[in-house]
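Visitor: Have a look at the structure that comes next, please.
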Amino acid sequence: MPPFLKYDKRLRAAVLVSGGGSNLQALLNAQKSGLLKSAEISLTVSSSADAYALKRAAEAGVKTYVLQEEDYLNNGFFNKTGYSANLLSILAKNQIQIVVLAGFLVILGEPLLSAYKNKIINVHPSLIPSFCGDGFYGLYVHEAALKKGVKITGATVHFVNDVTDGGEILMQKAVDVKQGDTPETLQRRVMEEAEWVILPQALEALCASLILQKKDL
Ligand code: GAR
């Protein structure tokens with residue numbers, strides 16, 4: 001067998017979700033169309049039992065798992081380490097090599113971050129470093145962008161580390177803000193024009209490069 005064929009494989013990816021799952025759908029579509037060829041969506045983990053994303057995963061035949069954030073609350077405090085440790089064991093059991101946060105609203109910590117260092121990516125609905133960090137998620141991001149009056153916003157795919165939205169940037173795409181935009185119309189345009197485009201592209205680029213580098217996976 002020629003040596004390159006030895007590494008001609010797809011990485012097993014888990015997509016973590018909390019809600020609608022339109023970014024998960026973009027990844028599933030990219031897999032179907034052949035754009036995503038270096039990764040296989042093997043698992044979806046949701047932090048909420050009624051996330052519509054779970055239906056999308058099931059329809060595509062992807063294994064699902066629910067790990068509810070509310071089950072890790074002690075006297076109102078979120079047990080980040082407990083949640084992250086259990087998530088790590090689910091990922092390990094499923095031999096996951098790469099993790100994609102696609103609208104996943106739980107803040108992750110150790111021991112997961114070290115175990116999957118430079119193997120976890122997130123899509124954020126702004127041009128980081130604008131409108132990011134704790135408290136900036138979903139519609140709040142677009143509300144803040146409109147309040148500030150920026151004329152250009154967009155989306156970012158970045159590595160996940162212990163600083164919220166603070167990991168190295170892999171890909172960004174700009175989107176025009178239009179007169180009369182509401183948080184909802186802006187959110188939709190940022191998703192359509194930026195998130196659904198760059199998330200599959202960034203995942204493909206990262207996995208292709210890991211396979212090429214023959215990194216320990
Ligand atoms: C997306 O806009 C995603 O970028 C955002 O939540 C939405 C989820 O939509 N994520 C964050 O704000 C994380 N900081 P989806 O469930 O339809 O993919």
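The values are calculated or read from the model by the stated rules, or taken from the named source; none is laboratory data. Since the structure is predicted, the reported quantities are computational estimates derived from the model, not experimental observations. Cβ sites come from the backbone with ideal geometry, for glycine too, and all protein chains shown count toward neighbours. Ligands, DNA and RNA are stripped out before the accessible areas are found, and what is left, the full protein with its side chains, is counted by its heavy atoms. Shrake-Rupley method; radii C 1.70, N 1.55, O 1.52, S 1.80 Å.
Visitor: Of everything in the stretch 150-193, what is acidic (Asp, Glu) and open to solvent by less than 80 Å² (accessible area, probe 1.4 Å)? Give them in sequence order. Before the answer, list the steps.
Guide: From the stretch 150-193, those acidic (Asp, Glu) are 162, 165, 168, 176, 181, 184, 192-193; that's our starting set.
ASP165, ASP181, GLU193 - these are the residues of the stretch 150-193 that are acidic (Asp, Glu) and open to solvent by less than 80 Å² (accessible area, probe 1.4 Å).
Visitor: Sticking with this one: What are the pairs with Cβ atoms under 6 angstrom where one residue, in the stretch 140-154, is without any contact (Cβ under 8 Å) to a residue 60 or more places away in the chain and within 15 Å of LYS173 (Cβ to Cβ) and the other, located anywhere, is exposed (fewer than 15 other Cβ atoms within 10 Å of the Cβ) and not acidic (Asp, Glu)? Sequence gap at least six, or different chains.
Guide: Once the first residue is without any contact (Cβ under 8 Å) to a residue 60 or more places away in the chain and within 15 Å of LYS173 (Cβ to Cβ) and sits in the stretch 140-154, its partners that are exposed (fewer than 15 other Cβ atoms within 10 Å of the Cβ) and not acidic (Asp, Glu) give ILE152/ALA174; GLY154/ALA174.
Visitor: Those residues that are open to solvent by 10 Å² or more (accessible area, probe 1.4 Å) and either more than 10 Å from the ligand (Cβ to nearest atom) or among the acidic types (Asp, Glu) (or both), I need them from the stretch 97-115; list them, please.
Guide: Within the stretch 97-115, GLN97, LEU108, GLU110, PRO111, LEU113, SER114, ALA115 qualify.
Visitor: Taking SER130, is it of a type in the set (Gly, Ala, Ser), part of a helix (DSSP H, G or I) and without any contact (Cβ under 8 Å) to a residue 24 or more places away in the chain? Lay out the reasoning, then the answer.
Guide: On the way: of a type in the set (Gly, Ala, Ser): yes; part of a helix (DSSP H, G or I): no; without any contact (Cβ under 8 Å) to a residue 24 or more places away in the chain: yes.
Considered against the rule, which asks whether it is of a type in the set (Gly, Ala, Ser), part of a helix (DSSP H, G or I) and without any contact (Cβ under 8 Å) to a residue 24 or more places away in the chain, SER130 comes out as no.
Visitor: Taking PRO200 as meeting all but one of (1) within 12 Å of the ligand (Cβ to nearest atom); (2) crowded, with 21+ Cβ neighbours inside 10 Å; (3) under 14 Å from the mean Cα position of the chain (by Cα), write down the number of the exception.
Guide: (1)
Visitor: Got a sec? Which of GLY61, GLY109, GLY103 is assigned to a loop (DSSP other than H, G, I, E, B) and in contact with a Gly (Cβ under 8 Å, 6 or more places away or on another chain)? Before you say what the answer is, go through the steps one by one.
Guide: Details: GLY61 fails: in contact with a Gly (Cβ under 8 Å, 6 or more places away or on another chain); GLY109 fails: in contact with a Gly (Cβ under 8 Å, 6 or more places away or on another chain).
Within the list GLY61, GLY109, GLY103, the selection yields GLY103.
Visitor: If only one of ALA115, ALA102 is out of contact with any His (no Cβ under 7 Å at 6 or more places or on another chain), free of Cβ contacts under 8 Å to residues at least 40 places away in the same chain and among the small types (Gly, Ala, Ser), which one is it?
Guide: On the way: ALA102 fails: free of Cβ contacts under 8 Å to residues at least 40 places away in the same chain.
Going through ALA115, ALA102 in turn, just one is out of contact with any His (no Cβ under 7 Å at 6 or more places or on another chain), free of Cβ contacts under 8 Å to residues at least 40 places away in the same chain and among the small types (Gly, Ala, Ser): ALA115.
Visitor: Within the bounds of the stretch 116-125, is there any residue that is open to solvent by 40 Å² or more (accessible area, probe 1.4 Å), in contact with a helix residue (DSSP H, G or I) (Cβ under 7 Å, 6 or more places away or on another chain) and over 21 Å from ALA30 (Cβ atoms)?
Guide: The initial filter retains those residues of the stretch 116-125 that are open to solvent by 40 Å² or more (accessible area, probe 1.4 Å), namely 117-118.
Applying the additional criterion that residues be in contact with a helix residue (DSSP H, G or I) (Cβ under 7 Å, 6 or more places away or on another chain) yields none.
Looking for residues that are open to solvent by 40 Å² or more (accessible area, probe 1.4 Å), in contact with a helix residue (DSSP H, G or I) (Cβ under 7 Å, 6 or more places away or on another chain) and over 21 Å from ALA30 (Cβ atoms), one finds none in the stretch 116-125, hence no.
Visitor: Moving to a separate point now. Has the stretch 71-87 got any residue that is part of a helix (DSSP H, G or I), surrounded by fewer than 21 Cβ atoms within 10 Å (Cβ to Cβ), of a type in the set (Asp, Glu) and free of Cβ contacts under 8 Å to residues at least 40 places away in the same chain?
Guide: Yes, the stretch 71-87 has at least one match.
Visitor: Among the residues of the stretch 18-46, write down those that are crowded, with 18+ Cβ neighbours inside 10 Å, part of a strand (DSSP E or B) and away from the ligand (no atom under 16 Å from the Cβ). Show your work before the answer.
Guide: In the first step, residues of the stretch 18-46 are kept if they are crowded, with 18+ Cβ neighbours inside 10 Å; the result is 18-19, 21-28, 30-31, 36, 38-39, 41-46.
Add one more test, that the residue is part of a strand (DSSP E or B), and what stays is 39, 41-46.
The answer is ALA39, SER42, LEU43.
Visitor: Shifting gears a bit: Given the criteria touching a strand residue (DSSP E or B) at 6+ places or on another chain (Cβ under 9 Å), part of a loop (DSSP other than H, G, I, E, B), closer than 24 Å to VAL190 by Cα and open to solvent by 50 Å² or more (accessible area, probe 1.4 Å), does PHE136 qualify?
Guide: Working: touching a strand residue (DSSP E or B) at 6+ places or on another chain (Cβ under 9 Å): yes; part of a loop (DSSP other than H, G, I, E, B): yes; closer than 24 Å to VAL190 by Cα: yes; open to solvent by 50 Å² or more (accessible area, probe 1.4 Å): yes.
Judged against the criteria, PHE136 is a match.
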